[in-house]
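Working notes, structure below.
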Amino acid sequence: MIRTFQEHQIRKTTLLDGPWDFVRDPENTGLRNKWFERFPHAEKSLYVPSCWNNELHLFDYEGVAWYKKTMRTEDTQHARIIFHAILGHADVYLDGQHLGYHYGGYTPFAIIIPSLSKGDHELVVRTDSKLDRLTIPTEHVDWFHYGGIIRSVELQFLPDLYIDKFTIGYELAGADVDMKVQVRISSLSQTDLTTAFTLTDEDQEIYSGQIQVGAGQSTNYEVNLHRKNVRLWDVGKPELYSFRACIEQDDKIERIGFRKIETGHHRIHINGSPVYLRGINRHEEHPEWGFAFPPKLMQKDLDIILEMGCNTVRGSHYPQSPYWLDLLDENGIIFWSEIPIWGAMLPNETVCEPLFQERALTMMEEMVVMHQHHPSVVFWSVHNEIDSRTQDAYEMTKRMVELVKSLDTSRLITYATMHPLEDVLLPLFDVIGINKYYGWYEGQVDGFKNMLQQFHARAELLGAGDKPVLMTEFGGAGIFGDVGWEPRLFSEDYQAHIVTEALGIFRDDPKIGGTYIWQFADIRGDLKSNGRHFRDRARSFNNKGLVNEYRKPKQSFREVRRIYRSWSEQDS
Ligand code: ADA
C-alpha cells in the first residue's frame with residue numbers, strides 16, 4: 001500500500017508488486033547489450049518491493065542488478081508507470097526501448113506511455129546501488145545502503161485528458177483560510193478538448209468550472225477559495241481535510257491539514273502555541289526488509305513511539321514513505337524530513353562538485369513535491385553533519401535553502417550540525433539542529449553544558465541567537481540484553497545513563513526547544529570487513545537504538561518513556 005487512503009476514485013490503477021525476475025550484473029555487461037538477450041534465465045524471483053540484500057547470498061551485493069516483469073494491457077490505452085522508489089540509478093525499458101532514467105532513492109518518478117498496445121509487455125528495470133564520491137549519500141555513510149526497488153511500482157491507465165498536478169496551498173488567519181488550488185490538466189489527445197472541472201471537500205462540491213486543453217498540451221488552472229472557521233490540525237489533535245479534483249474522466253484526491261508554523265522565544269509554535277519537541281531519530285529500516293519497510297510495521301513503530309511519549313520524529317536521513325507520513329498526519333505528530341546528504345566524512349571537494357549539487361537540489365525538490373501536503377511535515381532539512389565551517393558549504397547550502405524557499409514558505413528550513421562552535425551556516429536557517437555525543441565519542445555527558453553555553457554566545461554574535469535550537473542527535477550504543485550492576489561501555493545501563501543525563505541538561509536549558517535522541521531502533525551498519533570506518537559497530541549494527549532492530553525495548557527506552565511522559569504532563 002502506498003497511502004493510507006485512496007488517491008483516485010475514477011482513475012484505474014493497479015500495483016505491479018509481487019514476484020519479478022532478478023539477475024545481478026556485477027561486471028555491468030548488460031549496459032551495452034540488452035539484458036533480456038544476455039540473461040535469458042533469471043537468477044531468482046524477487047518480491048517487489050524489497051531490498052535484494054535481505055536475500056540469501058546477496059547480503060553484501062552492491063552494484064548493477066536487472067528486474068523484469070511482464071505486464072498486460074487489456075486494450076490499447078495510455079499507461080503511466082510510477083516507480084515509488086528505486087535505490088540509486090534506475091533505467092527503465094519497455095519492450096526493449098529505453099524510456100527513462102532517474103537518480104535518487106526515496107522519491108517517485110513516473111513514465112507515460114501514450115497508446116500502449118493491447119497485450120503483454122516486458123518491463124525491465126536496471127538499477128545500480130553503487131555508491132561513490134558523488135552519489136548521495138556518498139560511499140562513506142553510517143548505514144547500510146541497500147539496493148533494489150524499495151517501494152511499490154504502480155500502473156495507471158490515463159484517459160485522453162488527465163490530472164497531471166493538483167496542489168493545495170493556503171494562508172491562515174486564525175481559523176479562516178485563503179486557499180490556492182492549482183491543477184494542471186494534460187492532454188494525450190490529437191484534438192482540442194474541453195472538460196468540466198469540480199473540486200469537492202469530502203463529498204461536497206465547493207467549486208466547478210470548465211477547462212480547455214489544446215491537443216497534446218497542458219493547461220494550468222488556479223482556484224482561489226476563502227473558507228471560514230476551519231478545523232485546525234495540531235500536535236496530538238489531528239484534523240484532516242480530503243479534497244478531490246475531478247474532470248470528466250479522471251480524478252485525484254489530496255489530503256491536507258490546516259496549521260500555522262512559526263518560531264519565537266526559542267520554540268516552535270503551532271497555531272500560535274509553543275510546542276516543546278520530544279523526539280527520536282528513525283531510520284526506515286528493518287533487518288528483514290531493509291528500506292522496503294512494510295506498512296504493518298510502520299503502524300507498530302508508531303505505536304511504540306507514541307507509547308514513549310514522543311510528539312515528533314526526525315526522518316533520519318532520507319525521505320520516508322508517504323504511508324508513514326500519512327500515519328503521522330493522522331496522529332498529530334511533527335515530522336522532520338531530510339535528504340540523504342550524510343556529511344560526517346564528506347570531503348570539501350565533493351561539496352563543490354556541480355554534479356553533487358545538482359543531485360542535491362533535485363532530491364530536495366522531489367522531496368518537497370512528494371511530501372508537500374502532509375501537515376505533519378514541519379521541517380525541511382537540507383543536510384546532516386557536513387563540514388559547516390567552510391565557505392564552500394555556505395555556497396552550496398545557500399543554493400539549497402533558496403530552492404526550498406522558492407517551493408514552500410510555510411515550513412521551517414533546517415539542518416543538523418556537528419560543528420556548533422565553528423559553524424558558519426547558522427544565519428541561513430530558521431532552526432538549528434545540533435548533533436553531539438558527549439559521554440560517547442567525546443568526554444563526559446556534562447560536557448554538553450559548556451558546549452551549549454559557548455554555542456549560545458556564538459549564535460548571539462552571529463545574529464542567530466533567537467533561533468530555536470534543537471538537539472537533533474545524542475546518545476550512545478547499548479547492546480540489547482547486556483545489563484549489569486555497573487555502567488560499562490556498550491551496556492544497556494551506560495546507554496540509559498547517557499540519554500537520561502543529556503535529556504536533563506537540555507530540558508534545563510531555556511534556549512533548547514526540543515530533543516531528538518539518536519536513535520529509535522538499532523540499524524544495520526555499513527561495516528566493510530576491510531574498511532577503516534565504523535569498526536566500533538558491534539554485530540555490524542549501529543546499536544544506539546532505544547529498541548533493538550526487532551523493536552524490543554532496552555533500558556533506555558523505559559527511561560525515555562518515563563521522562564518524555566512526565567514532560568508531556570508538565571507541558572499540557
Ligand atoms: C552521526 C550521524 C548518524 C550516526 C551517528 C552515530 O551523528 O548523523 O547517522 O552515524 O553519528 O551513531 O555515530
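Output the residue which, of all residues in segment 231-260 that are crowded, with 19+ Cβ neighbours inside 10 Å and β-branched (Val, Ile, Thr), is farthest from residue 213 (Cα to Cα). The selected residue is 235.
Residues satisfying the criterion are present in segment 387-399 (criterion: within 14 Å of the ligand (Cβ to nearest atom) and within 21 Å of residue 466 (Cα to Cα)).
Residues in segment 40-55 that are open to solvent by 20 Å² or more (accessible area, probe 1.4 Å), among the hydrophobic types (A, V, I, L, M, F, W, C) and under 28 Å from the mean Cα position of the chain (by Cα): none.
Filtering segment 111-136 to residues that are open to solvent by less than 60 Å² (accessible area, probe 1.4 Å) and touching a Gly at 6+ places or on another chain (Cβ under 9 Å) leaves 111, 122, 124, 126, 127, 128, 129, 131, 135, 136. State whether one or more residues within segment 273-282 are away from the ligand (no atom under 16 Å from the Cβ), surrounded by fewer than 17 Cβ atoms within 10 Å (Cβ to Cβ) and charged (D, E, K, R). Within segment 273-282 (the criterion being away from the ligand (no atom under 16 Å from the Cβ), surrounded by fewer than 17 Cβ atoms within 10 Å (Cβ to Cβ) and charged (D, E, K, R)), the answer is no, since none of the residues qualifies. Considering only residues in segment 400-421 that are out of contact with any helix residue (DSSP H, G or I) (no Cβ under 6 Å at 6 or more places or on another chain) and among the charged types (D, E, K, R), the one that is nearest to the ligand (Cβ to nearest atom) turns out to be 411. Considering (1) within 16 Å of the ligand (Cβ to nearest atom); (2) over 19 Å from residue 360 (Cβ atoms), the lone condition that residue 465 does not fulfil carries the number (1). Of all residues in segment 474-506, none satisfies the criterion of being part of a strand (DSSP E or B) and at pLDDT below 95. For segment 476-526, a residue qualifies if it is under 14 Å from residue 567 (Cβ atoms), hydroxyl-bearing (Ser, Thr, Tyr) and more than 16 Å from the ligand (Cβ to nearest atom), and exactly one does: 500. The single condition among (1) open to solvent by 30 Å² or more (accessible area, probe 1.4 Å); (2) out of contact with any strand residue (DSSP E or B) (no Cβ under 8 Å at 6 or more places or on another chain); (3) away from the ligand (no atom under 16 Å from the Cβ) that residue 442 does not satisfy is (3).
Taken over segment 55-98, residues that are touching a His at 6+ places or on another chain (Cβ under 8 Å) and among the hydroxyl-bearing types (Ser, Thr, Tyr) amount to 2. For segment 535-571, the tally of residues that are of a type outside the set (A, V, I, L, M), surrounded by 17 or more Cβ atoms within 10 Å (Cβ to Cβ) and under 27 Å from the mean Cα position of the chain (by Cα) stands at 15.
Let's see how each residue does on (1) outside the structural domain of residue 435 (by the TED database); (2) touching a helix residue (DSSP H, G or I) at 6+ places or on another chain (Cβ under 9 Å); (3) more than 14 Å from the ligand (Cβ to nearest atom):
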site: 334; (1), (2), (3): no, yes, yes
site: 344; (1), (2), (3): no, no, no
site: 359; (1), (2), (3): no, no, yes
site: 362; (1), (2), (3): no, no, yes
site: 374; (1), (2), (3): no, yes, yes
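Collect the residues in segment 527-553 that are away from the ligand (no atom under 15 Å from the Cβ) and under 19 Å from residue 314 (Cβ atoms), keeping them in residue-number order. Within segment 527-553, 547, 551 meet the criteria. For first residues located in segment 377-392 and farther than 16 Å from residue 360 by Cα, partners that are open to solvent by less than 10 Å² (accessible area, probe 1.4 Å) and of a type in the set (Gly, Ala, Ser) and lie 6+ apart or on another chain with Cβ distances below 6 Å form the pairs 377/337. When 72, 80 are screened for being closer than 19 Å to residue 154 by Cα and more than 24 Å from the chain's Cα centre (by Cα), only 72 passes.
The values are calculated or read from the model by the stated rules, or taken from the named source; none is laboratory data. Only a predicted model underlies this, so the values are computations on that prediction, with no experimental measurement involved. All Cβ positions, even for glycine, are placed from backbone atoms using ideal geometry, and neighbour counts span all protein chains on display. Accessible surface areas use protein heavy atoms only, side chains included; no ligands, DNA or RNA. Shrake-Rupley method; radii C 1.70, N 1.55, O 1.52, S 1.80 Å.
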